[in-house]
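What follows is a short report on a single structure.
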Amino acid sequence: MSDIVDDYVECGNCGYLFQCDDIDKESGKHKPCPKCGSLKRNIYVTVKETLVLHEYIGLKAKKPSSKHKKNRADYESEQGVKRGKNGKLVYKRKIVDREHPDLPDSYVEYVRDKDGNVIVNKNEKLSEHR
């Protein structure tokens, strides 16, 4: 959201700072500068903006000795804040692991909204995941 926090008009010739509206109400044109008579104007506006950044990172890894198809990774991971299916920001963590020695063929997905409500919480075998 943007906010205009300051604005002012000064003479473009001598720098005289106008204290009020310099437009003539009848003609709709600028009044001449009371100091030098110029019609040049410099208009300054200061805008305050707040920017919020979120990060989301993804990783795919494949061993050279992998038994899986050419384009299929042995390990996939995604984590961070992103837009959910409804367009609202959610935190998401997803892991697909086809080669871990202790948990082969595993699928983990966890999604929660900004209020902490869990939307998805899956921890299952990849072969059973749909």
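Numbers below:
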{"read-out": "One residue from 62, 85 being under 24 Å from the mean Cα position of the chain (by Cα) and under 30 Å from residue 130 (Cα atoms)", "value": "85"}
{"read-out": "Filter result for residue 8 (in the same structural domain as residue 116 (by TED's automatic domain parsing) and outside any loop (DSSP other than H, G, I, E, B))", "value": "no"}
{"read-out": "Meets criteria (surrounded by 12 or more Cβ atoms within 10 Å (Cβ to Cβ), within 25 Å of the chain's Cα centre (by Cα) and aliphatic (A, V, I, L, M)) for residue 111", "value": "yes"}
{"read-out": "Selection from region 30-61 of residues that are touching a residue at least 12 places away in the same chain (Cβ under 8 Å) and part of a loop (DSSP other than H, G, I, E, B)", "value": "33, 34, 35, 36, 38, 40, 50, 54, 55"}
{"read-out": "Residue match in region 30-44 (condition: among the charged types (D, E, K, R) and loosely packed, with under 10 Cβ neighbours inside 10 Å)", "value": "no"}
{"read-out": "Yes/no for residue 99 being closer than 14 Å to residue 126 by Cα, in a loop (DSSP other than H, G, I, E, B), out of contact with any His (no Cβ under 6 Å at 6 or more places or on another chain) and of a type outside the set (Lys, Arg)", "value": "yes"}
{"read-out": "Hey, residue 44 touching a strand residue (DSSP E or B) at 6+ places or on another chain (Cβ under 7 Å), among the aromatic types (Phe, Trp, Tyr) and in the same structural domain as residue 14 (by TED's automatic domain parsing) or not", "value": "yes"}
{"read-out": "All positions within region 114-130 that are of a type outside the set (S, T, N, Q), part of a strand (DSSP E or B) and loosely packed, with under 11 Cβ neighbours inside 10 Å", "value": "118"}
{"read-out": "Residue in region 2-18 that is over 30 Å from residue 128 (Cα atoms) and under 19 Å from the mean Cα position of the chain (by Cα) present", "value": "yes"}
{"read-out": "Region 57-103, residues that are over 13 Å from residue 119 (Cβ atoms) and among the β-branched types (Val, Ile, Thr)", "value": "57, 81, 95, 96"}
{"read-out": "Unique residue being modelled with pLDDT of 90 or more and touching a His at 6+ places or on another chain (Cβ under 8 Å) when the list is 40, 82, 92", "value": "82"}
{"read-out": "Every residue from region 62-83 that is outside any strand (DSSP E or B) and hydroxyl-bearing (Ser, Thr, Tyr)", "value": "65, 66"}
{"read-out": "Residues satisfying the stated conditions in region 1-29, i.e. at pLDDT 90 or above, surrounded by fewer than 15 Cβ atoms within 10 Å (Cβ to Cβ) and closer than 30 Å to residue 50 by Cα", "value": "17"}
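The values are calculated or read from the model by the stated rules, or taken from the named source; none is laboratory data. Not measured: the values here are computed from a predicted model. Counting neighbours? That spans all protein chains shown, and the Cβs are built from the backbone with ideal geometry, glycine included.
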